[in-house]
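Engineer: Got a structure for you, questions after.
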């Protein structure tokens with residue numbers, strides 16, 4: 001192969017590589033549309049993380065905790081919130097309907113860096 005052809009192949013591959021890697025970081029899905037996500041909650045971040053504990057009857061209050069929200073089912077009775085990480089053994093599971101509408105909306109609309117999409 002001649003050097004010119006190798007140069008053009010290299011440039012082509014470099015451009016594709018740059019486009020593929022940069023698109024991962026610039027295209028962020030709408031966090032308010034997620035139906036299966038984790039939040040690393042901190043009570044100092046927002047009052048909804050305190051109100052959530054009120055809704056669940058948690059006392060004494062936790063300053064930091066993890067929740068997993070799974071509202072992906074079309075059946076409202078199959079929507080849940082897990083307190084703790086699903087990867088831990090038997091995290092407490094609560095029906096989504098047990099949480100006040102204000103807190104539900106706050107969790108869905110939360111867009112902090114501590115919200116992680118679990119549906120890829």
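The values are calculated or read from the model by the stated rules, or taken from the named source; none is laboratory data. It should be emphasised that the depicted structure is a prediction, and the values quoted were computed from it without experimental measurement. As a convention, Cβ positions derive from the backbone with ideal geometry for all residues, glycine included, and neighbour counts pool all protein chains shown.
Engineer: Would you check which residues across region 97-108 are assigned to a helix (DSSP H, G or I) and either more than 18 Å from the chain's Cα centre (by Cα) or under 12 Å from residue 39 (Cα atoms) (or both) and list them?
Structural biologist: 97, 98, 101, 102, 106, 107, 108
Engineer: With the requirement that a residue be more than 15 Å from residue 36 (Cβ to Cβ) and surrounded by 14 or more Cβ atoms within 10 Å (Cβ to Cβ), what does region 64-96 give you?
Structural biologist: Once the filter is applied, which keeps residues that are more than 15 Å from residue 36 (Cβ to Cβ) and surrounded by 14 or more Cβ atoms within 10 Å (Cβ to Cβ), region 64-96 yields 65, 83, 84, 94.
Engineer: May I pose another question? For a quick check of your reading of the model, give me the residue pairs whose first member lies in region 48-75 and is on the phi < 0 side of the Ramachandran plot and modelled with pLDDT of 95 or more, whose second is surrounded by fewer than 13 Cβ atoms within 10 Å (Cβ to Cβ) and not in a helix (DSSP H, G or I), with beta-carbon atoms closer than 6 Å and at least 6 apart or on different chains.
Structural biologist: Within 6 Å, the pairs are 53/61.
Engineer: Another one. So, in region 24-44, how many residues would count as being at pLDDT below 95, more than 14 Å from residue 108 (Cβ to Cβ) and either more than 19 Å from the chain's Cα centre (by Cα) or outside any helix (DSSP H, G or I) (or both)?
Structural biologist: Number satisfying all stated conditions: 2.
Engineer: Does residue 7 count as modelled with pLDDT of 60 or more and under 19 Å from the mean Cα position of the chain (by Cα)?
Structural biologist: no
Engineer: Give region 50-96 a look and list any residue that's assigned to a loop (DSSP other than H, G, I, E, B), touching a strand residue (DSSP E or B) at 6+ places or on another chain (Cβ under 6 Å) and more than 20 Å from residue 119 (Cα to Cα), or say none.
Structural biologist: 92
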